[in-house]
Amino acid sequence: MSTSRDFDCIVIGAGVQGSFTAYQLAKKNKKTLLLEQFVLPHSRGSSHGQTRIIRKAYEQNFYTHMMEECYELWAQLEREAGVKLYRQTGLLVMGPEKSANYQNIKDTLQRNKVPMVVLTHDNFSQHIPNVNLAKGDEALVDTTAGVLFADRALKTVQEQFLKLGGVIRDNEKVTDIKPGPVVRVSTSVGVYHAKSLVITAGPWANKLLANTGLQLPLEVVKINVCYWKEKVPGSYGMKQRFPCFVQTECLESKVHIYGLPSNEYPGLMKVCYHMGSKTDPDQRDLQKDKSDIEILQHYIARCFPGLVPEPAIVESCLYTLTPDHHFVLDYHPAYSNIMIGAGFSGDIRILTTVLWIYIRVLL
């Protein structure tokens with residue numbers, strides 16, 4: 001059955017970016033429609049899963065500055081909803097002492113006076129048990145960092161959006177977009193109109209943007225999300241205050257390896273390779289590359305002696321990447337009432353970025 005509805009703004013894509021954008025718009029009393037092609041909740045994009053790392057430990061100053069506001073917005077949402085969304089664990093950063101990646105993170109934290117602890121080979125094992133720090137590596141802990149409960153956060157913000165009068169239509173795939181002073185959005189169910197449009201469609205961004213005459217240099221890759229069994233349950237547990245970690249580079253890889261303490265699957269620690277192989281988001285199960293898992297097995301055997309070096313569970317996630325791995329956040333070059341958020345690389349440093357989306361839409 002075809003329907004026609006008018007809104008101040010339509011947001012396409014109900015992942016973390018789109019859902020928080022819609023929520024902020026609704027807080028400003030904007031009549032907002034949030035469209036999602038799959039039945040919610042789902043695990044086909046980039047926003048599913050129980051946990052993500054939140055941190056100020058970045059190589060670039062601007063991310064660290066953005067995160068100051070991001071932490072405040074997370075705390076605000078927790079207070080509004082009465083739900084715990086963040087747990088401070090700290091983030092262990094390890095990398096070759098003289099490498100640019102590691103030093104840039106260290107310098108950024110120091111320059112911005114972020115609380116941190118620098119560890120040496122002499123005291124590392126006292127603070128971080130069951131981890132082998134490689135010869136020539138240095139380590140630090142961003143003590144402000146921690147774990148975001150991602151699925152819970154997504155559910156919470158969508159509930160808050162609905163309480164504010166927002167409208168969610170899931171299982172509605174967008175089939176056409178007609179730009180103009182009033183944007184017309186057609187879906188598999190109906191037709192909607194809005195003064196402004198926000199496209200936060202993750203891996204499907206370019207398929208939607210084709211309707212507006214634009215293509216971005218985006219690449220979609222499939223990530224193998226791996227969970228590794230603790231030999232002694234609790235050795236790397238959140239309850240034991242084991243931190244999240246990032247290995248900037250190592251013997252096995254020049255790409256980041258990251259991990260989160262065991263929590264979502266009892267007795268299993270999430271450790272992943274921060275890159276994957278190119279895929280079509282609608283055919284991702286056909287991409288079966290597991291070369292990253294072999295890299296992780298060697299790394300875990302060498303550096304995490306308390307884990308069984310064979311993944312107990314392997315799930316998948318999609319990253320959408322730009323050539324420089326920094327996200328796109330801007331107006332459409334031809335239509336100032338269309339905003340685009342894309343290329344977030346599976347990252348959940350979300351609230352500050354979506355804040356800028358909704359501010360630009362409203363101006």
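The values are calculated or read from the model by the stated rules, or taken from the named source; none is laboratory data. The structure displayed is predicted, hence computed values, not measured ones. Don't worry about glycine lacking a Cβ; one is built from the backbone with ideal geometry, like all the others, and counts go over all protein chains shown. Only protein heavy atoms, including side chains, enter the accessible area calculation; ligands, DNA and RNA are left aside. Shrake-Rupley method; radii C 1.70, N 1.55, O 1.52, S 1.80 Å.
Of the residues in the range 79-111, how many are over 29 Å from Y299 (Cα atoms) and part of a loop (DSSP other than H, G, I, E, B)?
Residues in the range 79-111 being over 29 Å from Y299 (Cα atoms) and part of a loop (DSSP other than H, G, I, E, B): 4 in total.
Residue pairs, Cβ under 6 Å, 6 or more apart or interchain, first in the range 55-70 and over 20 Å from Q247 (Cα atoms), second crowded, with 21+ Cβ neighbours inside 10 Å and hydrophobic (A, V, I, L, M, F, W, C). List them.
C70/L351
Taking the options Y273, Y258, name whichever one is under 27 Å from F149 (Cα atoms), at pLDDT below 95 and not small (G, A, S).
Matching residue, one of Y273, Y258: Y273.
Determine whether the range 174-187 contains at least one residue that is outside any helix (DSSP H, G or I), modelled with pLDDT of 95 or more and more than 21 Å from K31 (Cβ to Cβ).
For the range 174-187, residues outside any helix (DSSP H, G or I), modelled with pLDDT of 95 or more and more than 21 Å from K31 (Cβ to Cβ): present.
When you look at V185, is it closer than 19 Å to T32 by Cβ, touching a residue at least 24 places away in the same chain (Cβ under 8 Å) and more than 24 Å from the chain's Cα centre (by Cα), yes or no?
Taking the combined requirement at face value, the residue satisfies it.
When the residues of the range 21-54 are narrowed to those that are of a type in the set (V, I, T) and touching a Cys at 6+ places or on another chain (Cβ under 7 Å), which ends up modelled with the highest pLDDT?
The residue in question is T32.
Collect the residues in the range 88-126 that are basic (K, R), touching a residue at least 24 places away in the same chain (Cβ under 8 Å) and under 14 Å from T143 (Cα atoms), keeping them in residue-number order.
K106
Working only within the range 13-32, note down all residues that are touching a helix residue (DSSP H, G or I) at 6+ places or on another chain (Cβ under 8 Å) and not in a helix (DSSP H, G or I).
Those that are touching a helix residue (DSSP H, G or I) at 6+ places or on another chain (Cβ under 8 Å) and not in a helix (DSSP H, G or I): G13, A14, G15, K28, K30, T32.
Within the range 57-109, track down each residue that is surrounded by fewer than 15 Cβ atoms within 10 Å (Cβ to Cβ), among the aliphatic types (A, V, I, L, M) and more than 18 Å from A153 (Cα to Cα).
A100
In the range 181-194, how many are within 13 Å of N337 (Cα to Cα) and open to solvent by 10 Å² or more (accessible area, probe 1.4 Å)?
4
Can we say N206 is farther than 30 Å from E294 by Cβ, in contact with a Leu (Cβ under 6 Å, 6 or more places away or on another chain) and not in a loop (DSSP other than H, G, I, E, B)?
Considered against the rule, which asks whether it is farther than 30 Å from E294 by Cβ, in contact with a Leu (Cβ under 6 Å, 6 or more places away or on another chain) and not in a loop (DSSP other than H, G, I, E, B), N206 comes out as yes.
Pull out all pairs, ordered by first then second residue, where Cβ-Cβ is under 7 Å, the residues are six or more apart or on different chains, the first lies in the range 272-299 and is under 26 Å from K229 (Cβ atoms), and the second is at pLDDT 95 or above and polar (S, T, N, Q).
Going by the 7 Å Cβ cut-off, there are no qualifying pairs.
Name every residue in the range 333-356 that is at pLDDT 60 or above, farther than 24 Å from V225 by Cβ and either open to solvent by less than 10 Å² (accessible area, probe 1.4 Å) or in contact with a His (Cβ under 6 Å, 6 or more places away or on another chain) (or both), in order of residue number.
I338, M339, I340
Would you point out which residue out of K231, K222, K178 is open to solvent by 30 Å² or more (accessible area, probe 1.4 Å) and either in contact with an Asp or Glu (Cβ under 8 Å, 6 or more places away or on another chain) or over 15 Å from H332 (Cβ atoms) (or both)?
None of the others qualify; the one that does is K231.
Select from the range 122-150 the residues that are charged (D, E, K, R) and either surrounded by fewer than 17 Cβ atoms within 10 Å (Cβ to Cβ) or in contact with a helix residue (DSSP H, G or I) (Cβ under 7 Å, 6 or more places away or on another chain) (or both) and list them in ascending order.
Matches in the range 122-150: D122, K135, E138, D142.
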